[in-house]
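Here's the structure we're looking at; comments come further down.
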Amino acid sequence: MVKTNLFHSTNAHKIVAEMGRFSLLEYERDMSITPQTASIAFFASQMNIRKKQVIAELNNDGGVILQAGAMQMMIGQLQAATNIKGAGDLMKKFIGSKVTGETMVKPRYQGTGLLVLEPTYKYILFEDLANWNGSMVIEDEMFLACDDSINMKVTARSTLSSAVLGNEGLFNTALVGQGIAVLESPVPAEELITIDLEKDMVRIDGSMAIAWSSSLEFTVERTTKTLVGSVASGEGLVNVYRGTGRVLVAPVSQNYGIAIPKPTK
């Protein structure tokens, strides 16, 4: 039998989100600092830059798949195994890792106990695949963990234009099945915009979509019917997601072109 204070709020940390077997532990204050770094830690905390840890609770009711190297502690009767089923599966995963940038081997954990992941400053998203019609495409290096009822597949662009002109690459990782996926987002959840489409479309000027339903058709198109009109409008080409499904957009993840107000005299 194991007892722990992981789920108890303290002066340093508390649980801020839960979904399925997963919980998110956030360190509100970084107390393991030196006097020289105290001011930096204080202002970082005020801007929501805080250490976080994902905890998965297993009760012999299925397993969890992790990104390689993400495990920090296995508390209780847990066992780990690779997700390699044979030589053919090894080659398939090797090729998939090369085209998507994901690690080839992702360990699977099962048993009874708590699985604690390494701390991170990245922003964590819990996504139920039921809200994505059972399949979602994610940007490279976003995967952190998921229920083992979810399969990871490599998905290719349906058109060359969407790969070359859309600045999204030729291949992406698709999560397929039922369960909870844990993702690392470039921005906090509060800044994300969720767009649900029903036989409709959304046009996005740039590669700001970080996840979308596999059911959506992704193309790159002109903003107007003619090339001259698109150039004249100043928008040029846009990424288009068409059909029925969901798109997750990080509209302020690329701030380089945002105009900064000039200070008044």
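The values are calculated or read from the model by the stated rules, or taken from the named source; none is laboratory data. Bear in mind the structure is a predicted one, so any value in this text is a computation, not a measurement. Virtual Cβ from ideal backbone geometry, glycine too; neighbours counted across all protein chains shown.
Descriptive notes on the structure:
- Unique match (being of a type in the set (A, V, I, L, M) and loosely packed, with under 12 Cβ neighbours inside 10 Å) among MET1, MET73: MET1
- Filter result for the condition that a residue is at pLDDT below 80 and of a type in the set (Ser, Thr, Tyr), over SER207, SER185, SER214, SER158: SER158
- Flag if GLU26 is under 15 Å from GLU118 (Cβ atoms) and out of contact with any Phe, Trp or Tyr (no Cβ under 7 Å at 6 or more places or on another chain): yes
- Residue that is closer than 28 Å to ASN133 by Cβ and modelled with pLDDT under 85, where the choices are LEU227, LEU248, LEU237: LEU237
- Every residue from the range 10-47 that is in a loop (DSSP other than H, G, I, E, B) and either in contact with a strand residue (DSSP E or B) (Cβ under 8 Å, 6 or more places away or on another chain) or among the polar types (S, T, N, Q) (or both): THR10, ASN11, ALA12, GLY20, ARG21, GLU28, SER32, THR34
- Positions within the range 33-60 being under 19 Å from GLY113 (Cα atoms) and either of a type in the set (A, V, I, L, M) or free of Cβ contacts under 8 Å to residues at least 12 places away in the same chain (or both), in sequence order: VAL54, ILE55, ALA56, LEU58
- Contacts under 8 angstrom Cβ, first residue in the range 1-28 being of a type in the set (Val, Ile, Thr), partner at pLDDT 90 or above and assigned to a loop (DSSP other than H, G, I, E, B), 6 or more apart: ILE15/PHE7; ILE15/SER9
- Restricting attention to the range 1-59 and to residues that are out of contact with any helix residue (DSSP H, G or I) (no Cβ under 9 Å at 6 or more places or on another chain) and charged (D, E, K, R), the residue that is farthest from ILE180 (Cα to Cα) turns out to be LYS3.
- Residues in the range 175-211 that are touching a Gly at 6+ places or on another chain (Cβ under 8 Å), within 27 Å of GLY63 (Cβ to Cβ) and surrounded by 18 or more Cβ atoms within 10 Å (Cβ to Cβ): GLY179, ILE180.
- Taking the criterion of being on the phi > 0 side of the Ramachandran plot and charged (D, E, K, R), the only residue of the range 195-209 that qualifies is LYS199.
- Boolean, GLU191 is under 16 Å from the mean Cα position of the chain (by Cα), at negative phi and modelled with pLDDT of 75 or more: yes
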